[in-house]
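> I have a structure I would like to understand better, so I am pasting it below and will then ask my questions one at a time.
The values are calculated or read from the model by the stated rules, or taken from the named source; none is laboratory data. Here the structure is a predicted model, which means the values were calculated and not measured. Because the Cβ atoms are built from the backbone with ideal geometry, glycine has one as well, and the counts that use them run over all protein chains shown.
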Amino acid sequence: MSYHHISVMPNEVLAYLDPKPGRLYVDCTVGGTGHSGRIVREILPDGLLIGIDRDSDALGNAETVLKPFLTNIRLFHDNFIRLPAILEKLQIESVDGILLDLGLSFNQIENSGRGFSFGKDEFLDMRMDARSGITAYDIVNDMDEKKLSDIFFRYGEERFSRRIAERIVLSRKKNTIRTSRELATIVAGAIPYAHSKKQKIHPATRVFMALRIAVNNELENLETFLGNVAELLKPGGRLLVISFHSLEDRIVKHWIRNLESPCVCPPQFPECVCGKKPVVRAVTRKAVLPDQREIDLNPMARSARLRVAEKLASVS
Ligand SMILES: C[S@@+](CC[C@H](N)C(=O)[O-])C[C@H]1O[C@@H](n2cnc3c(N)ncnc32)[C@H](O)[C@@H]1O
């Protein structure tokens, strides 16, 4: 399988991460190695890049592509929520920079055969890590109608979530829904024609995104990860997160805001008594977006948002 190495906002990532020789970095979402490949070249001869991905195909590709940098890279097939344990294993206490480029890779959508794309006729798996967990097939065929509708509404912001869930339940009573194309056809049939005619995106786009987020626990993983990532950064170390979904971006924005001003005293208190001190500063006030040139070259970049926080020097 040929792998694509196009990454989102590569120049912005390098500028904000500012990798330097001899330092320690983590790429939590190695994917097609676009970012990792650029970071590792900046840290030679004696820096270390720790690369993580929960997709074994991505990791396998990374092992081949990054082979020339073997002494400067350690790769882990794992969920990034296990970063604290990975660092402990390497006897590393803290690092100079951490990158998260969330969501799916081009390779997962186009070549994985796991049913991520409604344009293909593949088994509805949708697991990034094919070793464990429930599949989209399990959700679509077993989950009760209300819960299905909630998933489409919450993760996909799909306004026809109830109609779609109803149509899925009707349909699966006749035959189980096995493939991405079967599901896409059922979803398209549930959306009023007048509405879908006006839309620029395929009628099943939101449902597929919602299912993928649910199958892979994407929002929960992000929250868990952010829960202790500040402790893993050195003073001055930076966290960069690229998200593709407004719910993810909101989680990152709130995390930065909370650690920037963690005081929980009621606003009417004349001074702080809770004693909670800022842990990070926001390097990007607003999310950084890809420029139009990048979007023209790589339409997948169009919904990307990058946020950057820096650990303050005064906290341990
Ligand atoms: C958008 S791609 C990354 C692309 C990569 N930055 C590049 O330049 O090629 C996202 C990758 O993150 C991985 N991923 C998503 N959630 C993960 C998690 N919780 N733990 C580890 N990897 C994850 C996916 O398997 C996918 O390969």
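> When segment 157-181 is examined, which residues are found to be free of Cβ contacts under 8 Å to residues at least 60 places away in the same chain, farther than 13 Å from R206 by Cβ and assigned to a helix (DSSP H, G or I)? Give the steps one after another, and end with the answer.
In the first step, residues of segment 157-181 are kept if they are free of Cβ contacts under 8 Å to residues at least 60 places away in the same chain; the result is 158-178.
Within this subset, residues satisfying the condition of being farther than 13 Å from R206 by Cβ are 162, 166-178.
Answer for segment 157-181, where residues must be free of Cβ contacts under 8 Å to residues at least 60 places away in the same chain, farther than 13 Å from R206 by Cβ and assigned to a helix (DSSP H, G or I): R162, E166, R167, I168, V169, L170, S171, R172, K173, K174.
> Here is a follow-up. I'd like the residue in segment 54-74 that is surrounded by 21 or more Cβ atoms within 10 Å (Cβ to Cβ) and in contact with an Asp or Glu (Cβ under 8 Å, 6 or more places away or on another chain) and, out of all such residues, is farthest from R23 (Cα to Cα).
Restricting to residues being surrounded by 21 or more Cβ atoms within 10 Å (Cβ to Cβ) and in contact with an Asp or Glu (Cβ under 8 Å, 6 or more places away or on another chain), the top hit is D55.
> So which residues in segment 105-117 are surrounded by fewer than 21 Cβ atoms within 10 Å (Cβ to Cβ) and either at positive phi or of a type in the set (A, V, I, L, M, F, W, C) (or both)?
Within segment 105-117, F106, I109, G113 meet the criteria.
> Pull up segment 12-37, narrow it to residues that are among the hydrophobic types (A, V, I, L, M, F, W, C) and surrounded by 15 or more Cβ atoms within 10 Å (Cβ to Cβ), then point me to the one that is farthest from the ligand (Cβ to nearest atom). Lay out the reasoning, then the answer.
First, the residues of segment 12-37 that are among the hydrophobic types (A, V, I, L, M, F, W, C): 13-15, 17, 24, 26, 28, 30.
Right, trim to surrounded by 15 or more Cβ atoms within 10 Å (Cβ to Cβ) and you get 13-14, 17, 24, 26, 28, 30.
On the way: V13: 8, L14: 12, L17: 12, L24: 18, V26: 11, C28: 6, V30: 6 Å.
In this case the residue turns out to be L24.
> Please tell me if L239 is closer than 22 Å to N11 by Cβ, among the hydrophobic types (A, V, I, L, M, F, W, C) and within 17 Å of the chain's Cα centre (by Cα).
yes
> Can I ask one more? Could you please find all residues in segment 80-111 being away from the ligand (no atom under 11 Å from the Cβ) and part of a loop (DSSP other than H, G, I, E, B)?
L90, Q91, I92, E93, S94
> If D144 satisfies all but one of (1) surrounded by fewer than 18 Cβ atoms within 10 Å (Cβ to Cβ); (2) in contact (Cβ under 8 Å) with a residue 60 or more places away in the chain, what's the number of the condition it fails?
Result: D144 fails condition (2) only.
> Right, V40: hydrophobic (A, V, I, L, M, F, W, C), near the ligand (Cβ under 8 Å from one of its atoms) and not in a strand (DSSP E or B) or not?
Judged against the criteria, V40 is not a match.
> Continuing with this model, one more query. Between R131, R114, R154, which is assigned to a helix (DSSP H, G or I) and either under 18 Å from the mean Cα position of the chain (by Cα) or touching a residue at least 24 places away in the same chain (Cβ under 8 Å) (or both)?
R154
> A further question follows. What pairs come up if the first residue lies in segment 16-43 and is at negative phi, the second is at pLDDT below 95 and more than 8 Å from the ligand (Cβ to nearest atom), and their beta carbons are under 6 Å apart, counting only those six or more places apart or on different chains?
G32/Y3
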